[in-house]
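The next block holds one structure in the form of structure tokens; read it before the comments.
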Amino acid sequence: MVENRSLLKKKEVLTIGLCGAAIAIGLFFFLHFYKGKNTVFRIVEYPHPALHQTANLIDHVDHSIISLSSRMISTLQYLAMIDFFSRGSLPVGLAAPQVGVSKRLFVCGINGKIKVMINPKIIHRKGTYFSHEGCLSLQGEEKRTVKRSAYVKLKYTDLDNMDRILVARDRHAALVEHEIDHLNGIFNTDY
């Protein structure tokens, strides 16, 4: 009876291991296919000089800006899949300087939607929120606690060249401030 239970446990462990290996192999091929089908940027890592420069304003939205934002979205989605399965985390924002482009543009996920924000400018902020932040440009570094605003009102231009207003609170406010810091050449290690 004890021998049967031991044999059953070994079969269960083997089955779980084989299922895990099949999932990992499937995920590897899916990510390889996704990366081949979508143009994915390489992330610029700290202390690269592009991360410490103030990004240039974008005069108007044209094909190059739409293409840049599309590639940045593909990159963010690709990295989200990798980080979710490898680290259990989910990157939610990517600024143009992080892909080596000195433009005032970032993409982020807020309330389940991907937003492209061009020439973002905070017009009002208040309160305090302590954000536990990681950064795609700081691979291998532990997350750090950064004091951010609890409320941010932001003006930006979208891909239709329309001015928009976004109100963000708590973690979304921290996300917006983190990405704007990248546009201003400020890194979370500067805090």
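The values are calculated or read from the model by the stated rules, or taken from the named source; none is laboratory data. The structure displayed is predicted, hence computed values, not measured ones. Note: ideal-geometry Cβ built from the backbone for every residue, glycine included; neighbour counts use all protein chains shown.
Out of everything in region 179-191 that is in a helix (DSSP H, G or I) and modelled with pLDDT under 95, what residue ends up being nearest to the chain's Cα centre (by Cα)? Show your work before the answer.
Narrowing region 179-191 to residues in a helix (DSSP H, G or I): 179-183, 188-190.
Next cut, modelled with pLDDT under 95 only: 188-190.
Numbers: Asn188: 14, Thr189: 17, Asp190: 19 Å.
That would be Asn188.
Kindly evaluate Ile65 against the criterion of being part of a loop (DSSP other than H, G, I, E, B), among the β-branched types (Val, Ile, Thr) and either modelled with pLDDT of 90 or more or surrounded by fewer than 18 Cβ atoms within 10 Å (Cβ to Cβ) (or both).
Numbers: part of a loop (DSSP other than H, G, I, E, B): no; among the β-branched types (Val, Ile, Thr): yes; either modelled with pLDDT of 90 or more or surrounded by fewer than 18 Cβ atoms within 10 Å (Cβ to Cβ) (or both): yes.
No, not satisfied.
From the list Ser137, Ser131, exactly one residue is among the polar types (S, T, N, Q) and assigned to a loop (DSSP other than H, G, I, E, B). Which is it?
Within the list Ser137, Ser131, the selection yields Ser137.
Report whether or not Asp170 is assigned by TED's automatic domain parsing to the domain that holds Ala80, without any contact (Cβ under 8 Å) to a residue 60 or more places away in the chain and of a type outside the set (A, V, I, L, M, F, W, C).
Values: assigned by TED's automatic domain parsing to the domain that holds Ala80: yes; without any contact (Cβ under 8 Å) to a residue 60 or more places away in the chain: yes; of a type outside the set (A, V, I, L, M, F, W, C): yes.
Yes; evaluated as a whole, the condition is true for this residue.
What residue, among those in region 140-178 that are part of a loop (DSSP other than H, G, I, E, B) and polar (S, T, N, Q), is surrounded by the most Cβ atoms within 10 Å (Cβ to Cβ)?
Ser149
Kindly indicate the residue of region 83-127 that is assigned to a helix (DSSP H, G or I) and surrounded by 14 or more Cβ atoms within 10 Å (Cβ to Cβ) and also modelled with the lowest pLDDT among those meeting that condition.
Keep residues of region 83-127 that are assigned to a helix (DSSP H, G or I), which gives 83-87, 96-99.
So of that shortlist, the ones also surrounded by 14 or more Cβ atoms within 10 Å (Cβ to Cβ) come out as 83, 96-99.
On the way: Asp83: 58, Ala96: 97, Pro97: 96, Gln98: 95, Val99: 95.
Once the filter is applied, the top-ranked residue is Asp83.
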